[in-house]
2 protein chains.
Amino acid sequence: MTILFLWFLKRFLFIIGLGIILFLFGSMFLHAEFISLTREPSHAVPIAQMLKLLPEERIKDLFTYDGIWLFPKNQCKCEATRQQESYNFQDAYGTNDLPAVKARRQAEYEHFQRREGLPRPPPLLAQPNLPFGYPVHGVEVMPLHTVPIPGLQFEGPDAHLYEVTLTASLGTLNTLADTPDSVVQGRGQKQLIISTSNRGLLNFILHHVTYTSTGYQHHRVDMVSLESESSVAKFPVTIRHPLIPKLHDPGPERKLRDLVTIATKTFLRPHKLKVLLHSIRKYYPDLTVIVADDSKQPLKINDIHVEYYTMPFGKGWFAGRNLAISQVTTKYVLWVDDDFFFVNKTKIEVLVDVLEKTELDVVGGSVLGNVFQFKLLLEQSKSGDCIHRRPGSFGPLDSFPNCVVTSGVVNFFLAHTERLQRVGFDPHLQRVAHSEFFIDGLGSLFVGSCPEVIISHQARSQAVDSELVALEKTYSIYRANTNAQVQFKLALHYFKNHLQCST
Amino acid sequence: MTILFLWFLKRFLFIIGLGIILFLFGSMFLHAEFISLTREPSHAVPIAQMLKLLPEERIKDLFTYDGIWLFPKNQCKCEATRQQESYNFQDAYGTNDLPAVKARRQAEYEHFQRREGLPRPPPLLAQPNLPFGYPVHGVEVMPLHTVPIPGLQFEGPDAHLYEVTLTASLGTLNTLADTPDSVVQGRGQKQLIISTSNRGLLNFILHHVTYTSTGYQHHRVDMVSLESESSVAKFPVTIRHPLIPKLHDPGPERKLRDLVTIATKTFLRPHKLKVLLHSIRKYYPDLTVIVADDSKQPLKINDIHVEYYTMPFGKGWFAGRNLAISQVTTKYVLWVDDDFFFVNKTKIEVLVDVLEKTELDVVGGSVLGNVFQFKLLLEQSKSGDCIHRRPGSFGPLDSFPNCVVTSGVVNFFLAHTERLQRVGFDPHLQRVAHSEFFIDGLGSLFVGSCPEVIISHQARSQAVDSELVALEKTYSIYRANTNAQVQFKLALHYFKNHLQCST
């Protein structure tokens, strides 16, 4: 029996061995065949032929808004068309002055960029198949404060010993886990090294890692790295101080007087100012009105709710606007020109409702049906940006279907005082100016327009009083948009706003 | 020979077969042994015993700065000690008024939060071992613009067919890769679906994906997801409009007059103002000086470089400060009080140098040796923040070892006009106020102090002129920090700044 058994065993093991060898070779062969079958399409069509980009005209079509191609480019352009004029701002400078102006502008621009942390570093890319969990976005810490870092974990292959290193540069690291010094080194340093053979302990330590911002600095981003063996993950920790709120108390009765201040500037038009004030009082007897006046003679205004300020003679339009808004103590400020007048449809409450319920900073109304809405589109470029102005709006405003979102409106608007003050009116602009304010506000002010709130405009009428006639004549001289002033404003756009041209 | 060969072959295959079987069993056994050996420490000590946190007192010690624990907490506290007083701001309100005030403050705070996009959503966490490459941080797009998304790649297991989906919510997706419609679906939509069996083509398409921001909105973050099978990666795309620069031209000769404007406010102290102006002219004959005056009678100032503004009588200290700075047209503004006077060491050029070369927004000097530096530390909390004021500085200023970084300084400082205007002086503060400005500036203004630049202070002297005596008496009445005013300022901190208490 034993001999028979041994004989069967030998045959059996022979067959097993043969079978295994055959299997190994066979599967390798089949696998290769399979791979080549799967990859066959790529062999069928050459790769180079498949990997092509859309033609340039197609790409130009794709990302166009209002006829402007809003895609990254080296150089932007301002092309004049039948509908659009185009201005090249550097033309406002004499050819002799221009090189020196360019150099000064570049120096000032670089100072601005340094202070703003620009240009931003290129995006941080994560490699595929990193064995780590980590926070991609949203970890923020106040200067000198500490925060726990959420989401850190290691899910790599098993190992006899795990060694994981965390490295920061603008702060120090620690962990709330209680461990022996041999397991965690570098507590309170820029580099934290975790060494343990216990995977559960490793992840517990990682789960409780903290980041402490050291050194008092404003807005910075620290790229923290997490590594083990040859795998490195990096994630951002934003060091930022929150903005202190500046809230206004509307008072127990939410009186309009405690919510809104009216602001205006006047110059050599006391008669028009009086008409305006009279019309305000017809509908709003106790709203505070702030008047900035750079006329020759100060006015006497008998109204306990009017605050009157005098300025150096002819100091200017935007200087006066900036002065007026600097004195407001309510949450909202309503801007009106001194030659407007209030009518039944001048409902400030409607504008307040819009600002209370949306994220707008400014909402304009209509001046006798004229809304003067315009959009501003910016293309950035190293040698100065290109700004494009188009009439109309970006679309309707959420929750207020009769209102729209835009970039610029008329000089009849309600604004969040704080947001308006943050942009301000540039005192350089002494005479005719309007859109410059909205350009300065680009990126800061979220602007809308509600045409149903209407204010009226005092028509130019023939003055009878001789003194008034003289005054109006002087006013017209100051009000004329002379060529010198136009050149001044173009030069201001060139230098101040780092613009190249506009359409 | 053949029989011998066959015999050897049989034996050979027998040995191979046996060997393979032995090897397979053996390695399984060894592996199991190995695993149990590696895991042995965790079996030796119970896991629960190893995973413990540091004791609370230790954690409290770890993250303390100037005696304040700067770590996230539910409720902050202001504890009075021998060195520090503590103020509870709600005590400034009558007990009957307080519930209504609290409710109004909460409503205003919620409006503020809505507009600022607060509170921020919890951090976005990346899972381990995602088979994707993607951009973790730094992808930004202007509203309505398009950007390429860098770093997208798929490195998962081989498959017969690859299907990868990208999903956005505040914008649309596309790719610059030219492909048939069967391969890429959803071009220009919120969801882009890529189906291909060619891995190279898949990664080429991903490499050229673009994101287009749709809808005009200000600062938002879109979480874009990238998925395949059961793996999902998410990454942030920030929609933000860049700030328009507001640069100042220093002119071809960089004259100090084109760089710096001096600003001051005066009230019932014309004699002191004149001493100040006279001292300025001794060292700086042509710098523009802006004077805001809320006295009863306007002054006549014979100086072509002084700009003089009048205000409603007693309108107030901070209203006047805000007015004065609203009129500045130079890059920098130097604030001085009307009872200072310039001496040899009052070197404006030194302060200009500091602001030109560092990231400070404000740099203070010394008033007759008094630098009045103080730090402000904030602890955030749902029912109002706790603010802690400590004398001194955070440390030296980079590149200027004699200067320091701090939160507040004296009323003799040079500031970036634009940054100063963005914070502003709150016109609610009519009488005595100082630190309120720096509290309003917390998080916005980066403040430093350079004690070597010194201005002098006009001592209180016995006035001889009877008119002046009367004036000074009136001034003292307005200047007294009455209890009512103190309560008013505490109430303002409670509501406006959403503060709970201070130490």
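The values are calculated or read from the model by the stated rules, or taken from the named source; none is laboratory data. As the structure is a computational prediction, the values presented were derived from the model and not from experiment. Note: ideal-geometry Cβ built from the backbone for every residue, glycine included; neighbour counts use all protein chains shown.
Of B:THR95, B:THR64, all but one fail to be of a type outside the set (Gly, Ala, Ser), under 27 Å from B:LYS496 (Cα atoms) and at pLDDT below 95; the exception is B:THR95.
Note on region B:451-473: residues that are touching a helix residue (DSSP H, G or I) at 6+ places or on another chain (Cβ under 6 Å) and either within 14 Å of chain A (Cβ to nearest Cβ) or crowded, with 20+ Cβ neighbours inside 10 Å (or both) amount to 1. Every condition in (1) among the aliphatic types (A, V, I, L, M); (2) more than 30 Å from A:LEU243 (Cβ to Cβ); (3) more than 8 Å from chain B (Cβ to nearest Cβ) holds for A:LEU170 except the one numbered (2).
Can you tell me which residue within region A:63-90, out of those that are among the hydrophobic types (A, V, I, L, M, F, W, C) and touching a Phe, Trp or Tyr at 6+ places or on another chain (Cβ under 8 Å), is nearest to B:GLY188 (Cα to Cα)? Step by step, filter region A:63-90, then rank; the result is A:PHE63. Cβ-Cβ distances below 9 Å connect the following pairs, each with a first residue in region B:102-113 that is within 12 Å of A:GLU356 (Cα to Cα) and without any contact (Cβ under 8 Å) to a residue 24 or more places away in the chain, a second residue that is part of a helix (DSSP H, G or I) and of a type in the set (D, E, K, R), and a separation of six or more residues or different chains: B:HIS111/A:GLU356. Filter region A:137-156 down to residues that are in a strand (DSSP E or B) and within 9 Å of A:VAL237 (Cα to Cα) and give me whichever is farthest from the chain's Cα centre (by Cα). Going through the qualifying residues, I end up with A:VAL141.
Rundown of residues vs (1) touching a Lys or Arg at 6+ places or on another chain (Cβ under 7 Å); (2) facing chain B (nearest Cβ under 10 Å), yes/no style:
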{"site": "A:SER381", "(1), (2)": "no, no"}
{"site": "A:ASP385", "(1), (2)": "no, yes"}
{"site": "A:SER407", "(1), (2)": "yes, yes"}
{"site": "A:LEU414", "(1), (2)": "no, no"}
{"site": "A:THR417", "(1), (2)": "yes, yes"}
{"site": "A:LEU420", "(1), (2)": "no, no"}
{"site": "A:PHE437", "(1), (2)": "no, no"}
{"site": "A:ASP440", "(1), (2)": "yes, yes"}
{"site": "A:LEU445", "(1), (2)": "yes, yes"}
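Restricting attention to region B:98-128, the residues that are exposed (fewer than 14 other Cβ atoms within 10 Å of the Cβ), part of a loop (DSSP other than H, G, I, E, B) and in contact with a Pro (Cβ under 9 Å, 6 or more places away or on another chain) total 2. Give the residue that is surrounded by the most Cβ atoms within 10 Å (Cβ to Cβ), with candidates limited to residues of region A:308-353 that are more than 12 Å from every other protein chain (Cβ to nearest Cβ) and of a type in the set (Lys, Arg). The selected residue is A:LYS347. Selection of region B:294-307 for residues being buried (at least 22 other Cβ atoms within 10 Å of the Cβ) and either among the polar types (S, T, N, Q) or more than 10 Å from every other protein chain (Cβ to nearest Cβ) (or both) yields an empty set. The residues listed here are B:LEU351, B:LEU323, B:LEU368, B:LEU334; of these, the one that is touching a Lys or Arg at 6+ places or on another chain (Cβ under 8 Å) and hydrophobic (A, V, I, L, M, F, W, C) is B:LEU323. For B:TYR87, the conditions (1) facing another protein chain (nearest Cβ under 10 Å); (2) surrounded by fewer than 21 Cβ atoms within 10 Å (Cβ to Cβ); (3) under 28 Å from the mean Cα position of the chain (by Cα); (4) of a type outside the set (Gly, Ala, Ser) all hold with the exception of (1).
For region B:148-160, check the following and say yes or no: at least one residue is buried (at least 18 other Cβ atoms within 10 Å of the Cβ), aromatic (Phe, Trp, Tyr) and touching a residue at least 60 places away in the same chain (Cβ under 8 Å). Yes, region B:148-160 contains a residue that is buried (at least 18 other Cβ atoms within 10 Å of the Cβ), aromatic (Phe, Trp, Tyr) and touching a residue at least 60 places away in the same chain (Cβ under 8 Å).
In a loop (DSSP other than H, G, I, E, B) and crowded, with 18+ Cβ neighbours inside 10 Å: does that describe B:THR179? Yes. Only one of the listed residues (A:VAL224, A:VAL209) is under 10 Å from A:LEU170 (Cα atoms) and β-branched (Val, Ile, Thr). That residue is A:VAL224. Counting only helices (runs of 4 or more DSSP H) that fall entirely inside region B:410-503 and contain at least 3 residues that are of a type outside the set (A, V, I, L, M) and at pLDDT 95 or above, the qualifying elements are B:417-423, B:435-440, B:483-495. May I ask you to list pairs of residues, at least six apart or on different chains, whose Cβ atoms are under 6 Å apart, with the first in region A:118-139 being touching a residue at least 40 places away in the same chain (Cβ under 8 Å) and at the interface with chain B (Cβ under 7 Å from one of its Cβ atoms) and the second being in a strand (DSSP E or B) and among the β-branched types (Val, Ile, Thr)? That search, which allows pairs on different chains as well, returns A:LEU124/B:VAL136; A:ALA126/B:VAL136; A:VAL136/B:VAL136; A:VAL139/A:VAL237.
Any residue at all in region B:173-181 that is of a type in the set (Val, Ile, Thr), at the interface with chain A (Cβ under 7 Å from one of its Cβ atoms) and within 38 Å of the chain's Cα centre (by Cα)? No - not one qualifying residue is present in region B:173-181. Scanning region B:143-153 for residues that are within 7 Å of another protein chain (Cβ to nearest Cβ) and not β-branched (Val, Ile, Thr) yields B:LEU144, B:HIS145, B:PRO150, B:GLY151, B:GLN153.
In this structure, does B:LYS265 turn out to be modelled with pLDDT of 95 or more, more than 10 Å from every other protein chain (Cβ to nearest Cβ) and part of a helix (DSSP H, G or I)? Criteria not met by B:LYS265. Looking at region A:388-402, I want the residues that are at positive phi and have a partner that is assigned to a strand (DSSP E or B) with Cβ atoms under 9 Å, at least 6 apart or on another chain. Which pairs are those? The qualifying pairs are A:GLY392/A:PHE374; A:GLY392/A:LYS375; A:GLY392/A:VAL404; A:GLY392/A:THR406; A:GLY395/A:VAL404; A:GLY395/A:VAL405.
This table checks each residue for (1) modelled with pLDDT under 90; (2) more than 10 Å from every other protein chain (Cβ to nearest Cβ); (3) in a helix (DSSP H, G or I).
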| position | (1), (2), (3) |
| --- | --- |
| B:LEU9 | yes, no, yes |
| B:LEU22 | yes, yes, yes |
| B:GLN49 | yes, yes, yes |
| B:ARG58 | no, no, yes |
| B:PHE71 | no, no, no |
